[in-house]
Each structure stands twice: as C-alpha cells, then as structure tokens.
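Visitor: First the structure, which I've put down as structure tokens, then a few questions once you've had a look.
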Amino acid sequence: MKTKVLLVMVGAWICSVVSLSAQSVQTATLQKDDGVQVFYGADALVNSVNAAQDGNTIYLSAGDFNAVYNLVKSIKIIGSGGFNVNEAKNTTIQSLSITRNGTYDNYLELEGFVIKGEVTINQSSMVKMSKIYFKSNCNLSYNGNNIEFFSSLLVATLNFYNYSYSNTGVSNCIITRLAGGVTSTSTVIISNSIIYELYYDYAPNSISLQNNIIVANQNNKTPNSVNNNIFTGVNNFPSISNQSGNWENVNLSDLFVNQLENRWDPSYDYHLKNPANYIGTDGTQVGIYGGLFPWNPVPSNPQILDSKVNPTTTNDGKLNFQIKAEAQQ
C-alpha cells in the first residue's frame, strides 16, 4: 500500500468540477474501448452493467447502490473500498447474484466494496471476487468452476452445497463460518485464511485445507487433505492420511499480535507474533499475510483520503489544491 500526495495547479474554471465531485451522488463510470460513460444515482451500477460489453471496466464511487442480479458479462467492477473506517467512503451494494452457465474466455472480476445482502453464485464459471466485505451469506448454489476469492471478509457463512466445483479456491480471507461440502469430482483449495468455524453438513471429500488458521469449532467430516494449518483447538481430522505439518492447541494470545475473542473485529491485528514459527507448504507464513496474495483490502481504484482546496485563486487565475490518495501497490 502506498500513499501519494498530488499537487496540481489548474485554471479557476475547475472549481465547478471540484464542487460537483464533493456532492454525495453515486456514480458508476463505464470505461469502454470507444470512450467513457457516467451513470448517476442508486441505479448507476445496474444501468452501467446493462450498457457494458465484455472486457469493459466499471468504476464505482462511494455510496449505496441497488442490487444487481444475474451478472453474466465478463467485465470488471471496481469499488472505492469496503474496509474504510469512515463507512461513508465505502462502496456498498445491496445484494448480488451471478449466473454464468457457459464457456467464457475471460473472468467476471469484482473488487473493492461491501455487499449487504446475500450473494448467490449459480452454476457459474470464471469468477474472481477480491477485497470484498460480505455482510451476509455467500452461497455457491450449483456446479461451477474457476471461482476464486481473495483478501475478502465473510462475516456470515460461505456455503458449498454439495455440488461439483473444479479449480475453485479461497485464499487470504477471513471467514466466520465455512459450511457444506462438495462432490468427489471437485477440486477446492482453502488456503492462508482465518476460519472461525468449520461446519460440514456432508462430506467435504474434495476440499483441501492448507496454511490456514482454524480458530474455533470443527466437526469430524473428512476433507481431502489437511496440511500446515494452525488449530487453536484439537485437530479433529486424525484419520486423514494426507496430512502433515499441522499445529494443535495454539493459544490465541500466543498467536496473533492482538485478538481478544473468537470473532473478527476491525480493531484486531491478525499479524502473527512469530511468523517464522509457522511456515506453510509454500515456504511463506501461515495465515492471511502469507501465500501468493497477502491480505490487502485496498482496491486498485485509488481512494481519496484527504483533499484541501484553497478558497481563492492566485493572481494569475489558478487554483491550488492538494489531494492525498491511497492505492494498492
């Protein structure tokens, strides 16, 4: 993460633009091959998705946007962030569903916002979701492939519903409850995540758990493999032959820099006190700060942290203003 301070001298006519951008109007900016189109209001996201074509990118301002259903197109949707302490700076979408039943050349990519309501991924392929704050359940409700989650927070339940999921992964996420299971033909890897509860209603026989921190309850259904995970309790998978390098009965007080209870809290620090003591299968530390994609909730769309605009112009008609922005490294 890096912070940039930009000093810009522009003509006095820019005042009207600065004034407009300061208003609390939701905007969705659709970037197409032949230009840019801007939509306004709570339906801005819906309207921009309807106008988009495969390969386009939609940039969302902060603010609340209405739900989007049956997302199909291979587009990118990037918000202003979902983890700002000042929630007014977050992009929030009411709810969302994805239905991509077919063969696609490119991914649907979603990044950098809050989703208030449930998310349903129906029989879909090639979906990437990163830096998203899921406030309700996320349901993988039918067969799918190439579905990926990165650096996201799921404060409710991530549900697998005993269907087939190939090349599906969850990495560097914080998950309150991981539930369900998958068929024997599936290939699902859960890695470098913090999982507060494992609850499988049926056998998760093709799920692999690696380099995770499993904080609370788990039942004794049998995943495919369990390697280099930290358990704050007992490892309830003793019968699995494909397991190694796990740690059991690790106290939270000895593990994280700061965590007081068995739940996510924005004030906690999930860095490991002694990362060198817990090395994963890939040679990096276990948990959300290891692996190929260490935890980083800052979206690739730069966020304005602070701005200062001089109340008057200079003698030659120019206006001084300073913008402090934060962007992903």
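Nothing in this text is a laboratory measurement; each read-out follows from the coordinates by a stated rule. All values reported here derive from a predicted model rather than from experimental measurement. Note that each Cβ is placed from the backbone with ideal geometry, even for glycine, and that neighbours are counted across all protein chains shown.
Visitor: Loop-only check: which trypsin sites (Lys or Arg not before Pro) in region 211-282 are DSSP coil with at most 14 other Cβ within 10 angstrom?
Guide: The qualifying sites are Arg263, Lys273.
Visitor: Then there is this: Taking 0.36 nm per residue of separation and subtracting the Cα-Cα distance, what length does fully extending Asn251 through Asn296 add?
Guide: Stretched out fully, the Asn251 to Asn296 stretch lengthens by 13.7 nm.
Visitor: Further, regarding this structure: On a C-alpha basis, how far is the centre of region 116-172 from the centre of region 54-101 in Å? Whole number, if you could?
Guide: One Cα centre to the other: 15 Å.
Visitor: Could you compute the FRET efficiency for Thr103 and Asn315, with r as their C-beta to C-beta distance and R0 at 41 Å, rounded to 0.05?
Guide: Using R0 = 41 Å, I get an efficiency of 0.05.
Visitor: Going by a ≥ b ≥ c, the root eigenvalues of the Cα gyration tensor, does region 72-198 fall in the rounded group (a/c under 1.5), the prolate group (a/b larger than b/c) or the oblate group?
Guide: Here region 72-198 falls in the oblate category.
Visitor: Determine the dipole magnitude for region 61-159: charges of +1 sit on the beta-carbon of Lys and Arg, -1 on that of Asp and Glu, nothing else is charged, the reference point is the Cα centre, and the result goes in debye to the nearest 20.
Guide: Charge dipole of region 61-159: 40 debye, to the nearest 20.
Visitor: To continue, here is another question. Please compare each pair in Lys131/Lys318; Lys32/Lys128; Lys76/Lys273; Lys73/Lys273 to a cut-off of 31 Å on the Cα-Cα distance and tell me which ones are over it.
Guide: The pairs that break the limit, which is 31 Å between Cα atoms, are Lys131/Lys318; Lys76/Lys273; Lys73/Lys273.
Visitor: Also, quick follow-up: For the modelled label position 7 Å from the Cα of Tyr268 along Cα-to-Cβ, which residues of region 146-166 have backbone nitrogen atoms closer than 18 Å?
Guide: Only 151-158 pass the distance filter.
Visitor: Ok, one more. Once the piece of chain linking Tyr161 and Val234 is laid out straight, how much longer is it, given 0.36 nm per residue of separation minus the C-alpha distance between them?
Guide: 23.7 nm
Visitor: What is the sum of charges around Arg263, taking Lys and Arg as +1, Asp and Glu as -1, for the other residues whose C-beta is under 12 Å from the C-beta of Arg263?
Guide: That sum, taken over residues with Cβ under 12 Å, equals -2.
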